[in-house]
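All remarks here apply to the structure that follows.
The values are calculated or read from the model by the stated rules, or taken from the named source; none is laboratory data. Given the structure is predicted, the values throughout are model-derived calculations rather than measurements. Using ideal geometry, Cβ is built from the backbone for each residue, glycine included, and neighbour counts are taken over all protein chains shown. Ligands, DNA and RNA are stripped out before the accessible areas are found, and what is left, the full protein with its side chains, is counted by its heavy atoms. Shrake-Rupley method; radii C 1.70, N 1.55, O 1.52, S 1.80 Å.
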Amino acid sequence: MNIERVDEKVEIRNLSTGFRRKKGGPRILHQGLNLVLNRGEVVCILGPNGAGKSTLLRTMLGFEKALGGKILFSDQPLDELSVKELSRKVSVVLTDKIDDFYLTVFEVALTGRYPYGSFSGKPTREDISLVTDTFQKVGVLQLAGQVFYKLSDGEKQKVMIARAIVQDTPFIFLDEPVAYVDPPGKIAIMHLLKDLSVELNKGILVATHDLESALNYSDELWLLGTDRKWRKGKAAELVESGLINEFFDREAISFNKKNHRFEWKEMRKRENPALKGGETDG
């Protein structure tokens, strides 16, 4: 197991994200980003479609090249880390599908031991014990012998989270972990991630469209807009300040601060005559 360092964090300094184009200058999505992910906390990246949530996540992993600024893993620049070194610092759960028809759930989780040299050969007793203990913690031990691709979307996501834990890294990055999961499954997965951040002292970064989950389970939100603006803060602070409305409201749809839901403005006016004068509560 990795030796813990109290000061471990992922730090973004004056980062610019976007794409380099063959013709013309780069397309900048955001610039001047200064953000920190600490161990023991869940941070959710929120924003409307096209705001660059996945781009930020992929830039922090080195899949997309930063257009400026620095990304540091415990003071080590991302661009100075080898693939193997990075794989011991952060594990990843992306939306990419595993299409192998033969791998069992246990075998999928064992691939998380690749950074330690075990995946290419026979798994060690420690590997097997770690996977078994993790499956118990995540609640998928009963699935261990099943073929992975036959599982439900919620079960697959839990197995991939287990794989990320087995990789034994201080940080876990997830892209849309509840995108294809039913409402009860979303709650179960977000609750699991919150528990893991505390029990295992993991820094967990989640890019998501699910505003309700983010508001309920994050320690901090990183808000990304489509016009390069961004904000960070506690969920309650961003709700009360009106920033959630600023980033997400549309002409006919508004975020209601009281019930944390989006509502059709005209419907709210019909249901509450006091709002007909144009005043809303969020």
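Of all residues in segment 157-175, those that are open to solvent by 10 Å² or more (accessible area, probe 1.4 Å), touching a residue at least 40 places away in the same chain (Cβ under 8 Å) and in a helix (DSSP H, G or I) total 4. If the condition is being within 21 Å of the chain's Cα centre (by Cα), surrounded by 13 or more Cβ atoms within 10 Å (Cβ to Cβ) and of a type outside the set (D, E, K, R), then segment 63-82 contributes Ala66, Ile71, Leu72, Phe73, Ser74, Leu78. Within segment 216-244, the set of residues being open to solvent by less than 20 Å² (accessible area, probe 1.4 Å) and either within 17 Å of Glu263 (Cβ to Cβ) or hydrophobic (A, V, I, L, M, F, W, C) (or both) comprises Leu221, Trp222, Leu223, Leu224, Ala235, Leu238, Val239, Gly242, Ile244.
When Met60 is tested against (1) at pLDDT below 95; (2) buried (at least 17 other Cβ atoms within 10 Å of the Cβ); (3) closer than 28 Å to Arg113 by Cβ, just one condition goes unmet, and that condition is (1). Within segment 40-74, the set of residues being over 20 Å from Lys234 (Cα atoms), out of contact with any Lys or Arg (no Cβ under 6 Å at 6 or more places or on another chain) and assigned to a strand (DSSP E or B) comprises Gly68, Ile71, Leu72. Somewhere in segment 175-187, is a residue modelled with pLDDT under 95 and small (Gly, Ala, Ser)? Scanning segment 175-187 turns up at least one residue that is modelled with pLDDT under 95 and small (Gly, Ala, Ser).
Report, by residue number, each residue of segment 185-212 that is closer than 20 Å to Gly50 by Cβ and in a helix (DSSP H, G or I). Once the filter is applied, which keeps residues that are closer than 20 Å to Gly50 by Cβ and in a helix (DSSP H, G or I), segment 185-212 yields only Leu211.
Comparison of Val181, Val140 shows that the only residue that is touching an Asp or Glu at 6+ places or on another chain (Cβ under 6 Å) and more than 19 Å from Glu41 (Cα to Cα) is Val181. Looking across Lys23, Lys53, one residue alone is of a type in the set (D, E, K, R) and either open to solvent by 50 Å² or more (accessible area, probe 1.4 Å) or in contact with a Pro (Cβ under 9 Å, 6 or more places away or on another chain) (or both). It is Lys23. Of all residues in segment 138-155, those being buried (at least 16 other Cβ atoms within 10 Å of the Cβ) and either within 30 Å of Val36 (Cβ to Cβ) or in contact (Cβ under 8 Å) with a residue 24 or more places away in the chain (or both) number 7.
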